[in-house]
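Trainee: Before we start, here is the structure in question, set down as structure tokens.
Here, each number is a calculation from the coordinates, and none is a lab measurement. This is a predicted model, so every value here is computed, not measured. Backbone-built Cβ (ideal geometry, glycine too); neighbour counts: all protein chains shown.
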Amino acid sequence: MAERGIYVELILTSGAQRFYEGPLGFRFPLLLSGRAHLHEWYGEAAEVFRVDLEVTNDRFGFLFGHRGSFTCEWTSAHDAPERLTPRRHEART
């Protein structure tokens, strides 16, 4: 789905997944989890951001996905409101 013009993209791929809650932390077995492949780019011709997401599982194959586009408005920000800041911080290694 290539478009002409400036082409800037972001590609993210997930790997091992972990669960943390307080002192409890463990790795999720990939048999019970999925790998996400996200591709996001700006389509200059249509002036929209485009996204293509696919989540697969090694055993079950394709789980779900999403393909679409969106626009956004850029606003200046100086600091996040208190209601949006983390309630706690956990040390992780």
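Trainee: Rounded, prolate or oblate, given the Cα gyration tensor of the chain, with a/c below 1.5 counting as rounded?
Mentor: It comes out oblate by the Cα gyration axes.
Trainee: Next up: How far apart, in nanometres, would the label points at GLU47 and THR75 be if each is projected 7 angstrom from Cα along the Cα-to-Cβ direction?
Mentor: The modelled label-to-label distance comes out at 2.1 nm.
Trainee: Can you give me the distance in nm between label points at LEU31 and GLU90, each placed 7 Å from the Cα along the Cα-to-Cβ direction?
Mentor: Label-label distance for LEU31 and GLU90, simple model: 2.4 nm.
Trainee: For the peptides 68-81, 47-60, 10-23, what is the packing order when you average, over each peptide's residues, the other Cβ atoms within 10 Å and list the highest mean first?
Mentor: The packing order, highest mean first, is 47-60, 10-23, 68-81.
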